[in-house]
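Read through the structure below, which is laid out as structure tokens, and then see the notes.
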């Protein structure tokens, strides 16, 4: 065991965050802390690293073990370059290398015992240098930087010039290279693209130390962790397995708790009714029995009513009008910034009812596409056309459409002046803004709260074409699940950018990957994308520049080809199913005939025997044909 937390409690005023919780982490174990926003996950991490004192309890780290902590937000203003900053983590090894080079020069001028002593010292330091992988330090640093999404031309950028997200990636890189015995990571993937998230998953899976993660990415948690520690209403509970295992066990426990509670309540009511009836007889013997039952009832340890499944936001998207079948047509769209060409000659269209996800690495232009469609950015070339009766509702990840100097009430009433104060309060309450919350200024809200407010505005728009830029950012897992359900039940059309693979898998009917300045079309969810990504990337987005690609690599042709492929596959599956059903039916009838032929009233009836024999022969002949057809369809 590398980390032990025993009887940890923490409260802020009357608000209890953690109530006597305990858990432990084994060496090499990968674990996650999960819970809704505001549950106290970050507080727990700060208690573990010593930044905050618990009200009660003890945190114990095994003797001699090292701990590394990644906070959500980084405020680093170093003038060093990105590469220098990460290389400095290995300064002790670099100093060893300098000492070895210096000793090699000294050896040229020594002899006898002095040389022998220096060589012994040299061998000791050289062995330690090799043990610390000294010869591969630079390649290790480069590998981590590239894995976290930095390109080689960014290595020389100064830390003080970076964005908050880039600084967080630098801090994560430093932490990984320092290789502590236990890593504590608070939302480590918030600023990573899909490629970098996949790289980090593999890095952590192969990490020699223990890892404790706070994250809301269920796909990531399923891949990395083997233990889940839930923080719910101040209670800490450990579950073995990944996130899906936890969710399943949690549902089972909740069902059992409700069943036990309801059964006990039913029994209590039954006993109370019996007691009342016995007392109504008004006989000494009956009264004694009633009193005896009352004493038994008093001794029952009454179960607390289980907490309801957190309903959280009440979110439902309902289009006011139905759009035409052709919702969006994009033709020959190109965009570049000075020294940074993003994409060129993009062609795609979206039909009514489709749920389309745009994915790709950071900086490829995904958000720029959405801004062009919302006329917040202009394309260099090309155009797009909206279909008949299309009404766009836009959600931007930076929440720039919100007004920081307005209260929540003003934010809604100014956009929807016909709504009464009560109606606005009811809507805000359904997004967890109650009481005086409605008079808060937007600038004072957290990222998650701004996200909920933006979703409230979006819901009220009653748009039939939702364009969403990273809609799950800052949402906890429960809120993500509610948003997923709202999108699945939405009868309109959705186009969104997201790095949340679980969310994409649950909601997308089609994926557009922006890669090598072009779009690759996948007609399916994220699991389908994973099956086809290598094949279609090679065919439709090779690393060569767009002008060298064949004309048939356009996204529209790709879409048409996949449509045909899917149609053929559906037809094959239908034929296979029909063939299997027919084979089963004939085999059952063949068995029935065999059984009939054993009965005396049948085998003594020559005419009936001949009739059944003929039917049996026809069945066997048809089965021969069907078996061959089944084999071909299966292959």
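Just a few scattered comments:
- Matching residues in the stretch 412-449 - criterion: being under 16 Å from residue 397 (Cα atoms) and surrounded by 19 or more Cβ atoms within 10 Å (Cβ to Cβ): 442, 445, 449
- Annotation note: of 382, 387, 360, 393, the sole residue that is surrounded by 15 or more Cβ atoms within 10 Å (Cβ to Cβ), on the phi > 0 side of the Ramachandran plot and touching a residue at least 60 places away in the same chain (Cβ under 8 Å) is 360.
- Selection status of residue 56, exposed (fewer than 15 other Cβ atoms within 10 Å of the Cβ), at negative phi and touching a residue at least 40 places away in the same chain (Cβ under 8 Å): yes
- Check on residue 99, over 30 Å from residue 46 (Cα atoms) and either touching a strand residue (DSSP E or B) at 6+ places or on another chain (Cβ under 9 Å) or touching a residue at least 24 places away in the same chain (Cβ under 8 Å) (or both): yes
One line per residue, one yes/no per condition, for (1) modelled with pLDDT of 90 or more; (2) under 30 Å from residue 439 (Cβ atoms); (3) in contact with a strand residue (DSSP E or B) (Cβ under 9 Å, 6 or more places away or on another chain):
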site: 305; (1), (2), (3): no, no, no
site: 320; (1), (2), (3): yes, yes, no
site: 325; (1), (2), (3): yes, no, yes
site: 361; (1), (2), (3): no, no, yes
site: 371; (1), (2), (3): yes, no, yes
site: 404; (1), (2), (3): no, yes, yes
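- Residues in the stretch 446-464 that are outside any helix (DSSP H, G or I) and within 22 Å of residue 503 (Cβ to Cβ): 446, 463, 464.
- Of all residues in the stretch 292-317, those that are at positive phi and part of a loop (DSSP other than H, G, I, E, B) have Cβ atoms under 7 Å from Cβ atoms of residues that are at pLDDT 75 or above and surrounded by 15 or more Cβ atoms within 10 Å (Cβ to Cβ), 6 or more apart or on another chain, in 312/432; 312/478; 312/479; 312/482.
- Flag for residue 506 being within 21 Å of residue 398 (Cα to Cα), modelled with pLDDT of 90 or more and either in contact with a helix residue (DSSP H, G or I) (Cβ under 8 Å, 6 or more places away or on another chain) or surrounded by 23 or more Cβ atoms within 10 Å (Cβ to Cβ) (or both): no
- Residue within the stretch 383-396 that is part of a loop (DSSP other than H, G, I, E, B), in contact with a strand residue (DSSP E or B) (Cβ under 8 Å, 6 or more places away or on another chain) and within 22 Å of residue 475 (Cα to Cα) present: yes
- Yes/no for residue 25 being out of contact with any helix residue (DSSP H, G or I) (no Cβ under 9 Å at 6 or more places or on another chain), in contact (Cβ under 8 Å) with a residue 12 or more places away in the chain and within 18 Å of residue 213 (Cβ to Cβ): yes
- Condition check for residue 498: closer than 27 Å to residue 247 by Cβ, crowded, with 19+ Cβ neighbours inside 10 Å, modelled with pLDDT under 90 and touching a helix residue (DSSP H, G or I) at 6+ places or on another chain (Cβ under 9 Å): no
- Qualifying residue in the stretch 251-258 (condition: in contact (Cβ under 8 Å) with a residue 40 or more places away in the chain, assigned to a strand (DSSP E or B) and more than 23 Å from the chain's Cα centre (by Cα)): no
- Candidates 560, 567, 539, 544 - the one that is loosely packed, with under 10 Cβ neighbours inside 10 Å, modelled with pLDDT under 80 and within 30 Å of residue 512 (Cα to Cα): 544
- Single match in 467, 511, 504 (criterion: in contact with a strand residue (DSSP E or B) (Cβ under 6 Å, 6 or more places away or on another chain), more than 21 Å from residue 38 (Cα to Cα) and assigned to a helix (DSSP H, G or I)): 504
- Any chance residue 279 is surrounded by 13 or more Cβ atoms within 10 Å (Cβ to Cβ) and at pLDDT below 85: yes
- Here is the figure for the stretch 342-377: residues that are farther than 21 Å from residue 165 by Cβ, in a loop (DSSP other than H, G, I, E, B) and touching a helix residue (DSSP H, G or I) at 6+ places or on another chain (Cβ under 7 Å) total 0.
- Residue within the stretch 176-185 that is under 26 Å from residue 39 (Cβ atoms) and surrounded by fewer than 18 Cβ atoms within 10 Å (Cβ to Cβ) present: yes
The values are calculated or read from the model by the stated rules, or taken from the named source; none is laboratory data. As the structure is a computational prediction, the values presented were derived from the model and not from experiment. Positions of Cβ are generated from backbone atoms using ideal geometry, with glycine treated the same way; all protein chains shown enter the neighbour counts.
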